[in-house]
Every structure is written in structure tokens, then in C-alpha cells.
1. Run the numbers for Asp150 and Thr126: contour at 0.36 nm per residue of separation, minus the present Cα-Cα distance, in nm.
2. Taking θ = phi - 60°, what integer Hz values does the Karplus form 6.51 cos²θ - 1.76 cosθ + 1.60 yield along segment 98-115, in sequence order, with x for Gly and Pro?
3. Provide the per residue accessible area, probe 1.4 Å, for segment 55-148, rounded to a whole number of square angstrom.
4. Which three extents, in whole angstrom, do the alpha-carbon atoms of the chain cover along their principal axes, largest first?
5. At R0 = 22 Å, how high is the FRET efficiency between Asp17 and Met111 if r is their beta carbon distance? Nearest 0.05 is fine.
6. Using a probe of 1.4 angstrom, how much of the accessible area of segment 45-162 is carbon and sulfur, in percent?
7. Quick one: putting +1 on the C-beta of Lys and Arg, -1 on the C-beta of Asp and Glu, what dipole do you get for the chain around its Cα centre, in Debye to the nearest 20?
8. Which of rounded, prolate or oblate describes segment 1-72 when judged by the alpha-carbon gyration tensor and an a/c cut-off of 1.5?
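The values are calculated or read from the model by the stated rules, or taken from the named source; none is laboratory data. From a predicted model like this one, the values you see are computed outputs, not experimental measurements. So basically every Cβ, Gly included, is an ideal-geometry build from the backbone, and we count neighbours across all protein chains shown. Note: areas computed on protein heavy atoms with side chains; ligands, DNA, RNA excluded. Shrake-Rupley method; radii C 1.70, N 1.55, O 1.52, S 1.80 Å.
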Amino acid sequence: MMEAKPVEEGLRRAVEDLINATARAIDDDRLEAFVEFFATQAVYKVVSRFNLERNLPMAHISCTTRGMIADRVASLRHANIFPAQRYRHLLSGIHVTANADGSVAARTSYMVVRILDDGSTSIFSTGEYRDQIVPEAGMPRLRERIVVFDSKSIDSLLAIPL
């Protein structure tokens with residue numbers, strides 16, 4: 001196994017700030033801001049660990065451009081009907097390494113708690129973010145985020161991005 005290359009401290013902190021900011025944007029229902037954390041050419045997918053480990057193509061969310069991510073947010077705001085809910089992210093273990101092309105990779109464990117409008121609260125999803133991050137417009141941006149959730153399936157209502 002090849003040893004991961006460390007990144008400079010300032011870049012590592014900027015990547016950690018990016019990852020934390022994406023979670024805060026979702027938790028604060030600022031989904032339009034969530035889109036802005038992605039590079040112009042970006043991928044966002046939500047897939048089960050079961051499918052990923054078997055190279056099965058099914059993803060619960062599959063956006064292959066930043067425009068598709070923005071369209072998903074617009075449909076949440078104007079077209080989709082789903083129960084009022086909020087998320088609260090708990091993140092840990094952000095591990096950042098350098099890629100040979102100058103980008104960086106990050107893996108972050110997450111737990112998302114879902115709070116429904118009636119106050120009921122449950123652990124909605126656990127897993128990890130597998131991010132590829134590039135500099136764009138002077139800031140780190142997500143070129144790719146693959147959300148790998150631990151269970152074989154997820155609640156049929158995956159409206160809000162994880």
C-alpha cells in the first residue's frame with residue numbers, strides 16, 4: 001500500500017473548514033450555499049457501502065455537474081413535497097492527503113441526526129464523505145463528494161443532501 005502524502009498545515013485547515021462549512025450550510029437550511037462549495041466541474045453522489053464495495057451502479061443521488069446539484073436544491077425548494085425536517089451533522093476523523101495532481105483527498109466520518117417538525121429525532125445516516133478537493137477562485141472547492149452511507153438502504157425520503 002502506498003503511503004499517503006501529508007499536506008501543508010494551512011491547506012489542511014482550509015479543507016477542514018470547507019468540510020465543516022458544507023455540513024453547517026445543510027444544518028442551517030442554506031442549501032443554495034451548499035452548492036457554492038462545489039467546483040464548476042463537480043460530482044455529488046450518495047451511495048451505500050454495500051453497492052460501492054460490489055461496484056454496483058445504483059446511487060441514491062447522482063449529480064454529475066454543479067448545475068445538477070443546483071437543480072436538485074431548486075426542486076427541493078419549489079417542487080418536492082416532503083415532511084418538514086432538519087439535519088444535524090456530527091463530523092469526525094477528517095483525514096486529508098495530497099494527490100499527485102495537486103488536488104487533495106479527504107475522508108470524513110459523519111453521523112446525521114434528522115429532526116422532524118413534530119420534534120421526533122432519530123439517527124438518519126452514518127457513513128463517510130470521500131472528497132476530492134481542488135483550488136478554484138482562490139478557495140478549496142469540492143470536485144467530487146461521494147457520500148458512502150453504512151447501511152444497505154436509506155429512508156426512502158432522501159430529500160435533503162447528506
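1. In short, 8.1 nm is gained.
2. Per residue, the Karplus-derived 3J(HN,Hα) values read 8, 9, 4, 7, x, 7, 10, 10, 9, 10, 9, 6, 9, 9, 10, 9, 9, 10 Hz.
3. Working: 5030 Å² over 94 residues.
It amounts to 54 Å² per residue over segment 55-148.
4. 46, 34, 28
5. Details: r = 20 Å, r/R0 = 0.90.
Between Asp17 and Met111 the formula returns 0.65.
6. Values: 3310 of 6230 Å².
The nonpolar share, carbon plus sulfur, comes to 53 percent.
7. On the way: 20 positive and 21 negative charges, 59 e Å.
Computed about the Cα centre, the dipole is about 280 debye.
8. Values: a/c = 1.95, a/b = 1.05, b/c = 1.85.
Note, shape of segment 1-72 comes out oblate.
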